[in-house]
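Student: Shown below is the structure under consideration.
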Amino acid sequence: MDGNAPDFAAASHAALADPQLRGNFRRAMDGLMSKRAAQFADAGEWHGVRALAASVRLRALSKLPELLEKLEETCTRNGITVHWAATTDEANAIALDILHKTNAKLVVKGKSMVTEEMHLNAVLEKDGIEVLESDLGEYIVQLDGTMPSHIIMPAIHLNTKQIAHLFKRKIKDAESREDAAYLTDLARRVLRAKFQAADVGMSGVNAAVAETGTLCLIENEGNGRMCTTVPPVHIAFMGLEKVVEKLEDVPPVISLLPRSATGQPITTYVNMISGPRKPGEKDGPREVHLVILDNGRSSIYADPELRDTLRCIRCGACMNHCPVYTKVGGHAYEAPYPGPIGKILVPQIEGLEKRGAMPHACTMCNACVEICPVKIPIVEIMGRLRVEAVKPSGAVKDGGAKASRTEAMVWSGWAAMNASPTAYRVATLAMSKLGNAAPSSLPMLKEWTNVRTKPRFASRTLHDLARAKGVPDV
C-alpha cells in the first residue's frame, strides 16, 4: 500500500455494487453469528468467562512496562532472542537481518496480523526472498494477489467456485473441480513440500507469558505447528500488548477466542513455545527469535481511555456482527485491520490524516461492544476519535486533521441559536422559508448529499405547530 489516504467511500460503493461479494459475506456472517450464539447459549457462563478474560487483559495492561521487561528476561533465559521494534520499518529490517544471516531463500508463514501491519511479504519479495502463507485462507488471498478480508478468515469473501477457478489458474496441474475437499488437499500438497524446504518459519503470537517466557499460538490447521517446528529458524512477531502475566491467564483467552471467532468449542492446536531445540530433542528450530512491535501502541497506552483498544485478542467477532462490515467486506477498509476494531486501531497507528474516515464508518449500534469477549468499549473510543479529528487533545496522531473553520463556525452558530429562545425562533423561521433553496454543495450538506437527497425543512416551525394546537410557550 502506498502513502496516499485510502478512499473508503469509493471502495465501499464498489463493494456495495458487487452482488456476489455481498452474497458471500451475508451467508458467511449469518453462519458465524449462529455458531457463536450456540456456543454461548448459557448467558451466565458467557458473562462469567467474559468478565474473567477482560480482567486478564486489564491486569496485563496495568502492568505492561514491567511485564514486557519480565518477558524479555524469561525469553532470553529460555534461549529466545528478543528484538524490539519501534516502527514497522525497524521490524522489517530486523526480519531481513535474521534472514540474511541465515542465508534464507524460502520462508513459510503462519497467520500473523502484525506481519500484515508491517507489509512484510512485500518487503521480503522485494529482497528476492520467497515467502509463502501457509494458513489456507492466507494462501488463497496470496495467490489472488489481494489483502485478507477478515482477520480470522482471510478468504471469506470468496466462494468455492471462485477458489476453484483461482487454483486452476495458479497451481500447476490443478483440476477444475468445485470440491472443497479436493481444493484443501491440493493446497496441502503444495504447502507440505514448502514446509520441508523452508529455511525460516514465521508466526504470530496470541499471548506471550511473562512469567515463563512462553509464546502461545493457537490455530486450526496445523500449519502453525509446522512453521514453528520444521524450519531451522523460527521468527515470531507480536504487538507489545499481547503479553500476559501468568500461564494461568491463557486458558480464559483460549476458551473465548475460538468460540467468538468461528463458533468452535475449542481450537484444534494449542502451541506453547518456550525456546529452541535442546540437546537430545528430535525436532524444533535451532533458533527462535521474538520481534516485539510498538508502531504507535505506546502512544495508545499513554491515554487511559484509548488504552482499552489494546485489550483486543483478535477474534474478529466484532466484524461478524457489524452491519457496515458485513455489507462492504474487509477490502473496502484497505487496512490490515478492518471492521470495528480496525476503525479504532488503524487511525491511532497510521494517523487521522490518512485514516480519518474509518471512525465515521459506524452506525454506533453497539453490536460490536455487546459481543466483544474482552469488553472493549469500541463505540466510546470511536466517538473519541471523531472528536480528535476536529478538536485534538494531542493524544492521537494527526489530531485535528479533519477540522474545518466553516464547520466550526456553523456549530458555533448552532450553539448560539439554541442558547436563545428568540434567536431559535428567528432562525427556524428563516430556515423553513429559505433553507430548501440552499444549494447541496454547502459544506454542512456535502457529506449528506453525497449519498442521499438533501433534507427538506418543514413549512412551519415546531413553535408554529404548537401554537396552532393551543400549546402555551414554555
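The values are calculated or read from the model by the stated rules, or taken from the named source; none is laboratory data. Since we're looking at a predicted model, the values are computed, not measured. All Cβ positions, glycine included, derive from the backbone under ideal geometry; neighbour counts span all protein chains shown. Ligands, DNA and RNA are stripped out before the accessible areas are found, and what is left, the full protein with its side chains, is counted by its heavy atoms. Shrake-Rupley method; radii C 1.70, N 1.55, O 1.52, S 1.80 Å.
Student: Would you check which residues across region 287-306 are out of contact with any strand residue (DSSP E or B) (no Cβ under 7 Å at 6 or more places or on another chain), open to solvent by 10 Å² or more (accessible area, probe 1.4 Å) and either touching a residue at least 12 places away in the same chain (Cβ under 8 Å) or in a helix (DSSP H, G or I) (or both) and list them?
Tutor: If the condition is that a residue be out of contact with any strand residue (DSSP E or B) (no Cβ under 7 Å at 6 or more places or on another chain), open to solvent by 10 Å² or more (accessible area, probe 1.4 Å) and either touching a residue at least 12 places away in the same chain (Cβ under 8 Å) or in a helix (DSSP H, G or I) (or both), then Asn295, Gly296, Ser298, Ser299, Tyr301, Ala302, Asp303, Glu305 are the ones that fit.
Student: Looking only at region 196-219, how many residues end up being open to solvent by less than 10 Å² (accessible area, probe 1.4 Å), hydrophobic (A, V, I, L, M, F, W, C) and not in a loop (DSSP other than H, G, I, E, B)?
Tutor: Number of matching residues: 7.
Student: Is it the case, given these coordinates, that Met226 is crowded, with 19+ Cβ neighbours inside 10 Å and either in contact with a Leu (Cβ under 8 Å, 6 or more places away or on another chain) or of a type outside the set (Ser, Thr, Tyr) (or both)?
Tutor: Answer is yes for this residue.
Student: Select, from Val108, Val123, Val114, the only residue that is within 21 Å of Asp294 (Cα to Cα) and touching a helix residue (DSSP H, G or I) at 6+ places or on another chain (Cβ under 6 Å).
Tutor: After ruling out the rest, the residue left standing is Val123.
Student: Of everything in region 231-257, what is under 10 Å from Asn206 (Cα atoms) and modelled with pLDDT under 95? Give them in sequence order.
Tutor: Val253, Ile254 - these are the residues of region 231-257 that are under 10 Å from Asn206 (Cα atoms) and modelled with pLDDT under 95.
Student: Evaluate the following for Glu241: is it in a loop (DSSP other than H, G, I, E, B) and among the acidic types (Asp, Glu)?
Tutor: no
Student: Kindly state which helices (runs of 4 or more DSSP H) lie completely within region 118-194 and contain at least 1 residues that are touching a Leu at 6+ places or on another chain (Cβ under 7 Å) and among the acidic types (Asp, Glu).
Tutor: Per the criteria, 136-144.
Student: Within region 73-84, identify whether any single residue is under 20 Å from Arg297 (Cβ atoms), part of a helix (DSSP H, G or I) and of a type in the set (A, V, I, L, M, F, W, C), and answer yes or no.
Tutor: The answer is yes, given that some residue of region 73-84 is under 20 Å from Arg297 (Cβ atoms), part of a helix (DSSP H, G or I) and of a type in the set (A, V, I, L, M, F, W, C).
Student: Now a separate question. Need the failing condition index for Pro231 against (1) open to solvent by less than 10 Å² (accessible area, probe 1.4 Å); (2) farther than 19 Å from Pro65 by Cα; (3) of a type outside the set (Lys, Arg); (4) not in a loop (DSSP other than H, G, I, E, B), just the number.
Tutor: Condition not satisfied by Pro231: (4).
Student: Going residue by residue through region 168-189, is there one that turns out to be crowded, with 17+ Cβ neighbours inside 10 Å, touching a residue at least 60 places away in the same chain (Cβ under 8 Å) and among the hydrophobic types (A, V, I, L, M, F, W, C)?
Tutor: No: zero hits.
Student: On the basis of being open to solvent by 30 Å² or more (accessible area, probe 1.4 Å), of a type in the set (D, E, K, R), in contact with a helix residue (DSSP H, G or I) (Cβ under 7 Å, 6 or more places away or on another chain) and part of a helix (DSSP H, G or I), does Arg27 make the cut?
Tutor: Spelling it out, it is not the case that Arg27 is open to solvent by 30 Å² or more (accessible area, probe 1.4 Å), of a type in the set (D, E, K, R), in contact with a helix residue (DSSP H, G or I) (Cβ under 7 Å, 6 or more places away or on another chain) and part of a helix (DSSP H, G or I).
Student: Taking interchain pairs and intrachain pairs at least six residues apart, which have beta carbon atoms under 9 angstrom, with the first residue in region 75-97 and touching a residue at least 24 places away in the same chain (Cβ under 8 Å) and over 19 Å from Thr212 (Cα atoms) and the second of a type in the set (Ser, Thr, Tyr) and in a helix (DSSP H, G or I)?
Tutor: Ala86/Ser298; Ala91/Thr115; Ala95/Thr115
Student: Among the residues of region 56-69, write down those that are closer than 15 Å to Cys312 by Cβ and either of a type in the set (Val, Ile, Thr) or open to solvent by less than 70 Å² (accessible area, probe 1.4 Å) (or both).
Tutor: Val56, Arg57, Ala60, Leu61, Leu64
Student: Another question about this same structure. Out of the residues in region 307-324 meeting the condition of being in a helix (DSSP H, G or I) and under 16 Å from Thr262 (Cβ atoms), tell me which one is most open to solvent (accessible area, probe 1.4 Å).
Tutor: His321
Student: Which condition number does Val108 fail, the rest of (1) in a loop (DSSP other than H, G, I, E, B); (2) open to solvent by less than 20 Å² (accessible area, probe 1.4 Å) being met?
Tutor: (1)
Student: Which of the residues spanning region 263-286 are out of contact with any Ser or Thr (no Cβ under 6 Å at 6 or more places or on another chain) and open to solvent by 60 Å² or more (accessible area, probe 1.4 Å)?
Tutor: Scanning region 263-286 gives Pro265, Ile266, Thr268, Tyr269, Arg277, Lys278, Pro279, Gly280, Glu281, Lys282, Arg286.
Student: Continuing with the same structure: Confirm whether Pro232 is more than 23 Å from Glu72 (Cβ to Cβ) and within 24 Å of the chain's Cα centre (by Cα).
Tutor: no
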